[in-house]
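Notes to accompany the following structure.
The values are calculated or read from the model by the stated rules, or taken from the named source; none is laboratory data. The model shown is predicted, which means the values in this text are computed figures rather than measured ones. When we count neighbours, we look across all protein chains shown, and the Cβ atoms used for this are built from the backbone with ideal geometry, even at glycine.
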């Protein structure tokens, strides 16, 4: 968000933005350092939020009480650079029409919205926090909105062909153990 855009926000929305930005940066750094391999795997946007939800919620607990969180699935516009993925010998690419997941945060006071997106770099989304206005420059269509809790993503992951349904719960528990080891 530019300095000019920040100036248009209420003081509370500036506080919310600053807190979300700090939390998103901490989560992104933890994700990149501790789960770097996940970035290179199929369904990384799903896995990121299923696995990182407990850490992110811990970071914001008690700080941002007047906001609402939702899982949002979108189809993306054509990115400047395409990412090709080969899974089990089948080649796919991230667009057009490829779905992507992020978290939408809405201020209950002002209605201002932000998007947290830890894994959008293949679409040109190179920062973890975006205003809704800027984020929608990358989005073709919003296809799913659900309360945040990892459940809608978890169900999609469990139904993905070739993936073990137990894997994601194991990965989530492993993530918790990693953060416990670091004193989180």
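Among all residues of the stretch 72-92, there is at least one that is under 17 Å from residue 118 (Cα atoms), modelled with pLDDT under 75 and loosely packed, with under 15 Cβ neighbours inside 10 Å. Close contacts from the stretch 2-29, counting a first residue that is at negative phi and assigned to a helix (DSSP H, G or I) and a second that is at pLDDT 90 or above and loosely packed, with under 14 Cβ neighbours inside 10 Å, with Cβ to Cβ under 9 Å and a gap of 6+ residues or different chains, come to 5/133; 12/109; 12/110; 13/109; 13/110; 16/109; 16/110. Within the stretch 112-127, residues that are closer than 13 Å to residue 56 by Cβ sit with their Cβ atoms under 6 Å from residues that are surrounded by fewer than 21 Cβ atoms within 10 Å (Cβ to Cβ) and at pLDDT below 80, at 6+ positions apart or across chains, in these pairs: 118/28. Only a single item in (1) surrounded by 15 or more Cβ atoms within 10 Å (Cβ to Cβ); (2) out of contact with any strand residue (DSSP E or B) (no Cβ under 8 Å at 6 or more places or on another chain); (3) modelled with pLDDT of 90 or more is not met by residue 154, and it is number (3). When the stretch 141-151 is filtered for residues that are surrounded by 16 or more Cβ atoms within 10 Å (Cβ to Cβ) and either within 24 Å of residue 10 (Cβ to Cβ) or at pLDDT 90 or above (or both), only 148 remains.
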